[in-house]
1. Between 0 and 90 degrees, rounded to the nearest ten: what's the tilt of helix 50-64 against the longest Cα principal axis of the chain?
2. Under unit Cβ charges (Lys, Arg +1; Asp, Glu -1), what dipole magnitude, rounded to 20 debye, does segment 62-154 have relative to its Cα centre?
3. Comparing Lys115, Lys124, Lys94, which has the greatest mean-square fluctuation in the GNM of the chain with Cα pairs linked when under 10 Å apart?
4. Within the set of other residues whose C-beta is less than 10 Å from the C-beta of Ala204, count the net charge using Lys and Arg as +1 and Asp and Glu as -1.
5. With a 10 Å cut-off between alpha carbons and a GNM built on the chain, which of His189, His141, His113 moves the most?
6. Kirkwood-based Rg over Rh for segment 2-219 (C-alpha set), two decimals?
7. With charges set only on the Cβ (+1 for Lys and Arg, -1 for Asp and Glu), what does the dipole of the chain come to about its Cα centre, in debye to the nearest 20?
8. Determine the percent antiparallel among the DSSP beta bridges restricted to segment 2-219, to the nearest 5.
Amino acid sequence: MQVHQISAQQIQSKEAFLKTLAACTQHAEGSNSATANNTISACYLVETPALIDAPLSEVSSAFFDGNKEIALQLFEAVKNNVFALVDGILVDQKAACISRLGDLFTEIEWLLHDKPVRAFPYYKDQIVCTGAVLGSALFYHFLLEQGVDAVFVDIRDCIVTSDDFGEAGVLESITQARIQQTFIPGRTHVTQAGIGATDQNENATLTAEGNVWVLKTIKGL
């Protein structure tokens, strides 16, 4: 399976999306990986959009410092930036994307109404890792709008990690089995780069080595 890692800077505008998709499609066709109906046998691994990466970290810091109201205000600004991005990129898929994003925003908002009782890396991962899911959801709906028959995968359902938040290792045997069960040969998948979840469904940022292992595993499908 061809793997394309979509960087934070490529999730910034409709023009960047179109350029990214054109480059990936051209590469696939050059490698004879496109099917007769132009569906690319590929996996797009999407990072957190650059315009919300640092702001999500600021939300994490404000929350951990006990400034709940500031954290909520900062997160409201993040939501507005994401909705502006949706407005600039999507038309027919806008409503479906906003619905999906609403579920993701709720994950963070529930956390922000709690009080921190664990170490900072835990909370940062719970908040910042969601950014990659937001970015991949936007890219997924963009592909659908372009007529690409894509499958959305929440990689947190596949990649099982240690609880070393901020630098989690991958539990390889169970993760490999889940990846093989989830990814469908001959289809286009959209998922997230650099994240996974513990066996307690807690978001976790992967180590660089863990991320490389995931890339190689998906490529080997």
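1. That works out to roughly 30 degrees.
2. 240
3. Lys115
4. -4
5. So, out of His189, His141, His113, the one fluctuating most is His113.
6. Values: Rg = 17.1 Å, Rh = 17.7 Å.
Result: Rg/Rh = 0.97.
7. For the chain, the charge dipole is close to 460 debye.
8. Within segment 2-219, antiparallel bridges account for around 25 percent of the total.
Taken together, the values in this text are just the output of simple stated rules run on the coordinates, not laboratory data. Worth saying up front: this structure is predicted, and the values here are computed from it rather than measured. Positions of Cβ are backbone-derived with ideal geometry, glycine not excepted, and every protein chain shown enters the neighbour counts.
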